Structure formats: structure tokens, C-alpha cells
1. Can you find, among 84, 70, 111, the residue farthest towards the positive end of the dipole of segment 17-156? Put +1 on the C-beta of Lys and Arg, -1 on that of Asp and Glu.
2. Measure off 7 Å from each Cα along the Cα-to-Cβ vector at residue 62 and residue 170, then give the distance between these two points in nanometres to one decimal.
3. For residue 71 and residue 184, calculate 0.36 nm times their separation in residues minus their Cα-Cα distance, and state this gained length in nm to one decimal.
4. Say R0 is 41 Å: what FRET efficiency, to the nearest 0.05, do residue 17 and residue 93 get from their beta-carbon distance?
5. At a 10 Å Cβ-Cβ cut-off, how would you order 174, 74, fewest neighbours first?
Amino acid sequence: MNQTIAQPKSKPKGALIAALVFLLLGIAGCGFAAVKTVPYISDIVDFVSDLDQVASVRPMGEPVSFTSTGEDGIALLSGEAVCTGEGPSGAVNFERYEAFGPGTTVELGGVTMDGYILFDTESGADYTITCGAGGRGGYVATTAPSFLVDGAPGFLGGIGAGLAGSFFVLIAIILLIVGLVQRSSWKKRNQGPQPGQFPTQQGGPPPPGQAAAPPAPGQNAWGSPQPPPAAPQPQAPPPQPQAPNLPPPAPGTPPPFTGGSQAPPPPGPGNNPPPPG
């Protein structure tokens, strides 16, 4: 007869696999961000160091005039502000303000620059730029180097990848904790027999539809250990019957029969029966 032995469910591993996937995505995102942002910021720092020798910081609200030597211009600002400008074709088209990001320090003329704004220019044309409206801080407007314009999309993409990578790493940590808790709970619920032993049930028959497993040596049909056989109790010897009050036998005659387990000697020569009492 075939017997079916219930097997425990497999260990929960979905949360741990998801944690591994998110961790790999997070590492990839952070790596991409480092590749795209670190060289770009390093080039900006070098550019500002060279710019400090040929340009001066103007207070916010004071106009700056310069002759463009390329197709793009840049305004470095100590804080977010609105810029306006005039060129040979009229009003200058400015892009949105972009911050350098945390951990990046760009100092020019003793003023810390927090971000920049790119705008369109024509090579050899004169421009007048005004940023801010007379507040604290300052700015510098000049021609933007080619690496700054060409690398801006990669820089912004690197920042986005870094934020996404950090978020994925956080999710991976949460899923890792959830997976470890699930595996710990599973182990507590599935403390089964050791390999090579039959699973048994304590205190009752198997559930409906499941055949009972053969008992292990020293166990009963339900898996409970059999008690050792009880040792036989010592018994007292049976009491001996008291002999009746008989007169002493005559000389030369055997002692009278007292009713014990030994039969009286048969009558014969020398074995005369005792006289009646």
C-alpha cells in the first residue's frame, strides 16, 4: 500500500530575490551617476578657476556686458534668480536654473556659486545680461565652454540615475528585512523530523486522506514513545497452616501429618497411623 508523506512547503525566497534585484539596480544607478557627474563637476571647477582670472563677480541686479566667443553663454549665480539679456537679435533666450547639487562647492571671487543658467549666443556678438534684482550675492556671465553645454544632458541624467539608485537601495534594504523575517517565521513553523526519519503526529491518528507512517522503534502507532514494561511486584509467601493441638507421638512412631503440602506417609510396617484424637 502506497503511503503519502506530507512534505513541508519550500522556504519563502520571493522577497530576498526582489531585494537582490533592487540592490543591483541601485548599484548600477549610483555607478552611472558617478560616471556622469564627477567628471562634469570637476571640469566646472577647473573652468571657474580659470574664469576667476578674467572675470569679476557682479552684484545681483547689476548688468554685465561681454563679447561671445561661442554659440552658448553661461551665467554662474550664487543663488536661484531670473536673468534677462539683450543681443544682436533682441531678447536672449535663457534655459532654466540648474543647481550644482549637494557636496559641490564652486567659489568665484570669494562668492560661492550654487548654480548656473545657460543661454543662446552668437559667436562674435555683444551681449548685456542682468541677473537678480539687487539682492545679496552675485553672478558672472560669460561664454560657456563646449564641454559644459555638451555634457549638461549627461550630468542631469546622472543626477536622476543617482536619485533612482538611492531609492532602489532603500527598497532593497526593506525587502531584505522582510525576507529574513519571513524565513525565520517559516523555520519556526516547520521544525520537522531530521532527514531519514518519518514525520509523526503526537497524540492521535493521521488527518483524513493521509496514510499513517510506520512507527519508529520504541514508539506506538501514533508516534508516542512506548512506556517500559512494569517490573513484577514481589509477593509474600502463602501462610503456613497451624498444626492442631495433638498429643505427642508415641515413641517409635513418625510425627503426625499437619496438613502441609507434603502427603502423609502410607501405612506400612513401622508407619502406624496416628491414633484418632
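1. Value: 111.
2. 4.3
3. Taking residue 71 through residue 184 to full extension adds about 34.4 nm, to one decimal.
4. Working: r = 50 Å, r/R0 = 1.21.
The calculated FRET efficiency here is 0.25.
5. Ascending number of Cβ neighbours within 10 Å: 174, 74.
Every number here is computed from the coordinates shown, using simple stated rules; none is lab data. For clarity, every value in this text was computed on a predicted model and none was experimentally measured. FYI the Cβ positions are ideal-geometry reconstructions off the backbone, even for glycines, and counts take in every protein chain you see.
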